[in-house]
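A short write-up of the structure that comes next.
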Amino acid sequence: MKSGLWPAAMLALAGLGGAQDAGVALEARPLRFLSHVAPDKVRLGAPFVYELVITHPPDQRYELRPIRDPGPFEPLQQLRERIDGPWDATTRFKLELSLFEIGKRRLPDLTFDVIGPAGVAEFVAKGIEVEGLSSLPKDAAKREPTLFDIKALEEIPVRTYRALWFVVGLAAAGLAAYLAYRWSKRPRRQVEEPRAPQPLDVRTIAALDALRAEDLPGKGRFREFYFRWSEILRAYLGQRYGFEALECTSSELLQSLRQLRTPELPIAELTRLVHESDLVKFAKASAEPIQCKQALEFGYRMVQATSSPATPVSTNAQHLHVS
């Protein structure tokens, strides 16, 4: 990593952490912002697309928070696409929704987390109107069903029901014989005993082994390596200490770990590596294979130091010596 970039970025991250601890909300403004719906008039329950196009500096990343109160709208699916240019980047969100109220209704405001070199800020996109149309045809109120008079009952003379009962019994016996034959020829399914889930430390070591085997740093894919590495460590820490680590920003992650009782966790080294990974992921800082090797070695050591004594980490020497 470039020596000049690291101190400046560390100061920026430290400043952001202080602002968040004091409860100060930072507001981000994109370079350009467009939003529209297609179509803007929809029948009840029919899907439509809400598209938001955000143009922003390339060192920023926009993440959409979950919609807490959709109101009369029902979110169906969400797509995200980013295109980087030489001077700016464009992030496009496509939300598929449906409306279940007639008349003009305003979409809920959407809040984005803006992650950049200076930390995390937020951007709020105001909702726009969508008109809900009835699913009935226009002339439904004028239509009247055709009514017919009730006919009188007609008697049908039947001399005996003996033949009818004979036919019904014969059909029932044939159906029973056919079902018994099919049941006897059914494929026998073997009952598999449920497998016990692997311990957390074993699953985490396996994920680190898989990441090491891909050799992403050797292929020059440093950002992808750090995204994967960060996800593995966050998943382990969240399950090990019982909090939503995957949904935290880096500052929130470190603050939560400091508030928990984690004497066995090397918090100082974890803090340094988290900040280092953020610079590569979001600020596009340069990295070296030796840094990725050290990050992997730390992951193995952290799991070994913090795993429960009831489920010790597999003592494989190659885990602590990443090639």
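Taking the criterion of being over 27 Å from Gly220 (Cβ atoms), touching a residue at least 40 places away in the same chain (Cβ under 8 Å) and crowded, with 16+ Cβ neighbours inside 10 Å, the residues of the range 255-284 that qualify are Thr262, Leu265.
Could you tell me whether the range 240-248 includes any residue that is within 20 Å of Gly119 (Cβ to Cβ) and either more than 18 Å from the chain's Cα centre (by Cα) or of a type in the set (Asp, Glu) (or both)? Yes - at least one qualifying residue is present in the range 240-248. Among the residues of the range 170-184, is there at least one that is over 30 Å from Gly103 (Cβ atoms), at pLDDT 80 or above, of a type outside the set (Lys, Arg) and not in a helix (DSSP H, G or I)? The answer is no, given that none of the residues of the range 170-184 is over 30 Å from Gly103 (Cβ atoms), at pLDDT 80 or above, of a type outside the set (Lys, Arg) and not in a helix (DSSP H, G or I). Considering the range 62-84, and only residues there that are basic (Lys, Arg) and farther than 13 Å from Leu95 by Cα, the residue that is surrounded by the most Cβ atoms within 10 Å (Cβ to Cβ) turns out to be Arg82.
Conditions tested, residue by residue: (1) modelled with pLDDT of 85 or more; (2) under 30 Å from Leu296 (Cβ atoms); (3) in a helix (DSSP H, G or I).
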position: Ala121; (1), (2), (3): yes, no, no
position: Leu136; (1), (2), (3): no, no, no
position: Asp139; (1), (2), (3): no, no, no
position: Glu144; (1), (2), (3): no, no, no
position: Leu147; (1), (2), (3): no, no, no
position: Val158; (1), (2), (3): no, no, no
position: Phe166; (1), (2), (3): no, no, yes
position: Glu193; (1), (2), (3): no, no, no
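Determine, yes or no, whether Pro86 is over 19 Å from Glu247 (Cα atoms), without any contact (Cβ under 8 Å) to a residue 40 or more places away in the chain, more than 20 Å from the chain's Cα centre (by Cα) and not in a strand (DSSP E or B). Answer is yes for this residue.
Restricting attention to the range 222-237, does a residue exist that is surrounded by fewer than 21 Cβ atoms within 10 Å (Cβ to Cβ) and farther than 24 Å from Glu63 by Cβ? No, that holds for no residue.
The values are calculated or read from the model by the stated rules, or taken from the named source; none is laboratory data. All figures in this text were calculated on a predicted structure; none of them were measured in a lab. Reconstructed Cβ throughout: ideal geometry from the backbone, glycine too, with neighbour counts over all protein chains shown.
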